[in-house]
Amino acid sequence: MSVIENSKLTVVGAGSVGASTAYAALIRASARHVALYDIATAKVEAEVLDLAHGTQFTGSSDIIGGSDISVVEGSHVVVITAGAKQKPGQSRIELATVNAGIVKTMMPQLLEVAPNAVYVIVTNPCDVLTVLGQEQTGLPPERIFASGTVLDTSRLRWKLGQRAGVSTSSVHAYIVGEHGDTEFPLWSKATIGTVPILEWESDGHPRMSADELDAIAVDVRDAAYKVIQGKGATNYAIGLSSARIVEAILGDEHAVMPVSTVLHDYHGINGVALSVPSVVSASGAKPIREAPFSPNELALLRRSADALREVVTSLR
């Protein structure tokens, strides 16, 4: 992978998600330089030290960090993971009030030291925080977006691959909408290889029914709750998916990913951030306007938009 020369990634927040993102970025050589920033001095310094001790064995050659915001300076990409984490039984939207306050305070400070960076918001509820962050900073929508349903899409492809007896990379399917309870799969365009999802069958893997696909969608939607119930947080997979988004930016890949930008006249939807297939490159993320939705999928996308608009309005 060829990345911007001397590229720098800063991860904001040294909790389990931030530390996992920095770890994944180091191992995958997502950026030439990795930095970790958090206001909790002892915690961030310990995480940086632990990661630095392993840099002999990683792809990226260095990690720095600390509680002084100057560590963010010169970043090409800033991934924001700071905030209260989701508790067992708590919906992502219930996190909104606390984390909205954190993002509103932090974004102007980050922008001052990294004015040219692309900002990726991972903190939940990421769609809501993206709208507030974009309004707060006035950044163009392509330069501040959420990780959205990139991880949910990976969960979906993993489950479908298991069920169909093929590798995850051979499954072409997307979760779109809110990163949360109103998300849904684009079944109308889902394929395994070139075969439509409902037509796939192979030895030991009979065709899937629409009901089975619906059950898989529910499993994917609720997967985070299951992980949180068992271990208190989701961190490895979101760390990996965040590192992958960073690579698409720093490598100017023009990769298609379901990230969440503030939409403007996207199938008639305005002013909310939702995950839709988007092109991710060095300039940020741009929704693919031509992405087709069935009438039912469009109705679900609008339902997602309405749910999020309500939350955003209550936090303004």
Open item on the list: With n ≥ 4 as the cut-off for DSSP H runs, can you work out [θ] at 222 nm for the chain, using -39500 (n - 2.57) per run divided by the number of residues, rounded to the nearest 500?
Closed with: -13500 deg cm²/dmol
Open item on the list: Rounded to the nearest percent, how much of the accessible area of the chain (1.4 Å probe, protein heavy atoms only) is carbon and sulfur?
Closed with: 54
Open item on the list: Just to compare against my own numbers: the Cα pair-distance distribution for segment 112-172, 10 Å bins, whole % per bin, please.
Closed with: 21, 35, 21, 17, 5
Task: Gain in span if fully extended, Asn116 to Ile288, counting 0.36 nm per residue against the direct Cα distance - done: 59.6 nm
Open item on the list: Bins of 5 Å, beginning at zero and ending with the bin holding the largest distance: percent of Cα pairs per bin for segment 161-316, please.
Closed with: 2, 8, 14, 19, 19, 19, 12, 5, 1, 0, 0
TODO: Kindly give the semi-axes, whole Å and largest first, of the ellipsoid equivalent to segment 117-222, taking each as the square root of 5 times a Cα gyration tensor eigenvalue.
DONE: 33, 13, 10
TODO: Anything over 19 Å Cα to Cα? Flag those among Lys85/Lys159; Lys189/Lys226; Lys159/Lys226, in the order listed.
DONE: Lys85/Lys159; Lys189/Lys226
Task: Overall Cα dimensions of segment 43-100, principal axis frame, Å, largest first - done: 41, 25, 20
Task: the chain - accessible surface per residue (Å², probe 1.4 Å) - done: 42
- [ ] Would you compute, for the Cα atoms of segment 58-153, the largest minus smallest coordinate along each principal axis and list the three values in descending order, in whole Å?
- [x] 39, 35, 28
Open item on the list: Show me the ranking of peptides 24-33, 159-168 by mean Cβ neighbours inside 10 Å, starting with the highest.
Closed with: 24-33, 159-168
- [ ] Could you work out the per residue convex hull volume over the alpha carbons of the chain, in cubic angstrom?
- [x] 131
Open item on the list: For segment 244-316 and segment 127-163, what is the centre-to-centre distance using only Cα atoms, to the nearest Å?
Closed with: 7
- [ ] For a quick protection proxy, order the peptides 185-191, 276-282, 173-179, 286-292 by their average other-Cβ count within 10 Å, most packed first.
- [x] 173-179, 276-282, 185-191, 286-292
Open item on the list: Running a GNM on the chain with Cα contacts under 10 Å, which residue among Glu183, Glu142, Glu94 ends up with the highest mean-square fluctuation?
Closed with: Glu94
TODO: Compute the signed sum of charges (Lys and Arg +1, Asp and Glu -1) over the other residues within less than 14 Å, Cβ to Cβ, of Leu240.
DONE: +2
Task: Pairwise centroid distance, computed over Cα atoms, of segment 14-41 with segment 49-76, Å - done: 7
Task: Alpha-carbon Rg with Dmax, taken over segment 261-310, Å - done: 11.0, 33
- [ ] Please give the peptides 104-116, 196-208 ranked by average Cβ packing (other Cβ atoms within 10 Å per residue), highest first, as a rough proxy for protection.
- [x] 104-116, 196-208
Open item on the list: With unit charges on the beta carbons (Lys and Arg positive, Asp and Glu negative) and the dipole taken about the Cα centre of the chain, which residue among Tyr37, Ala215, Ser20 sits farthest to the positive side?
Closed with: Ala215
Task: Angle between the chain longest axis and helix 150-164 axis [Cα atoms, degrees, rounded to 10] - done: 40
TODO: Find out how many positive minus negative residues lie around Phe184, taking Lys and Arg as positive, Asp and Glu as negative, among other residues whose Cβ is under 11 Å from that of Phe184.
DONE: -4
TODO: Calculate the radius of gyration of the Cα atoms of segment 1-96 to one decimal place, then report Dmax, the largest Cα-Cα distance, as a whole number, both in Å.
DONE: 13.7, 44
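The values are calculated or read from the model by the stated rules, or taken from the named source; none is laboratory data. Every value quoted in this text rests on a predicted model; they were computed, and no experiment measured them. Backbone-built Cβ (ideal geometry, glycine too); neighbour counts: all protein chains shown. For the accessible areas, the whole protein counts, side chains as well, though only heavy atoms, and no ligand, DNA or RNA atoms are used. Shrake-Rupley method; radii C 1.70, N 1.55, O 1.52, S 1.80 Å.
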